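A.B. asks: Mind having a look at this structure? Questions to follow.
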Amino acid sequence: MNPQALAQCQEIASQVLSGVSADQMEMATPCADWNVGQLIDHLVGSQHWGLSAMEGTPPTEDGSGSCQGDYLATFQAAAQACTAAFSEEGALEKMVNPGFGDMPGAAMLGLMMTDTFQHAWDLATATGQDNNLNPEIASQLLAASQQSIQPAFRSEEGSIFGMEQQAPKDANAATQLAAFLGRSV
């Protein structure tokens, strides 16, 4: 995985965000604790989180209120800054701390890709858009998640990841990823 793959996930999220309307902000999402507006705020905030981790600085922006403005432009600006940080020479090899322990930049890149892609699926599903998002990327993220997500990262309340759910046999790859990450699909 490389920064261009993160940019692809961000472009997928941008496409989904462009299909969200202001009157959908209160709709429920597959993320039980967040409605559409709160999920958009998180999606923007997570781009700032990734940037802060790569820069070694505390996060100063959490995305709060992003859903009340031009959320697509706000997301795209944050995503561009985040991708630029991952694209710097040596970024993937250096150790970073996103707030819960040290990890290589490459592992942080994987987290950012999975978070961005998964929340794009959440938004697409919540707002009635096609959630069959880029099957190739979805399959890659599913395989990587199956290797890296340990049982200790899962809980019923989903503080990091919820308990793995069963996806229908004919589920697309993005929906299979969602089920693996704990979404009821």
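Readers should treat all values here as calculations from the given coordinates under stated rules, not as data from a laboratory. All of these numbers come straight from a predicted model, not from anything done at the bench. Counting neighbours? That spans all protein chains shown, and the Cβs are built from the backbone with ideal geometry, glycine included.
A.B. asks: Kindly put Thr57, Thr125 in sequence by how many other C-beta atoms sit within 10 Å of each C-beta, fewest to most.
C.D. replies: Lowest count first: Thr57, Thr125.
A.B. asks: If you don't mind, another one. Explain nothing, just the number: dipole magnitude of the chain about its Cα centre with +1 on each Lys and Arg Cβ and -1 on each Asp and Glu Cβ, in debye rounded to the nearest 20.
C.D. replies: My answer is approximately 360 debye.
A.B. asks: Ok, one more. Positive end of the dipole of the chain, charges at C-beta (+1 Lys, Arg; -1 Asp, Glu), about the Cα centre: which of Leu39, Gln146, Val16 has its Cα farthest in that direction?
C.D. replies: So the residue we want is Gln146.
A.B. asks: As an exercise, find the ratio Rg/Rh for the chain from alpha-carbon atoms, using the Kirkwood inverse-distance average for Rh.
C.D. replies: Result: Rg/Rh = 0.94.
A.B. asks: Okay, moving on. Can you put Arg154, Arg183 in order of Cβ neighbours within 10 angstrom, beginning with the fewest?
C.D. replies: Listing Arg154, Arg183 from fewest to most nearby Cβ atoms yields Arg154, Arg183.
A.B. asks: A follow-up question, please. Return a whole-number percent for the relative contact order of the stretch 3-131, with Cα pairs under 8 Å and 6 or more residues apart as the contact set.
C.D. replies: Reported as a whole number, the value is 35 percent.
A.B. asks: Another question, then. In what sequence do Trp121, Trp49, Trp34 fall when counting other Cβ within 10 Å, fewest first?
C.D. replies: Trp34, Trp49, Trp121
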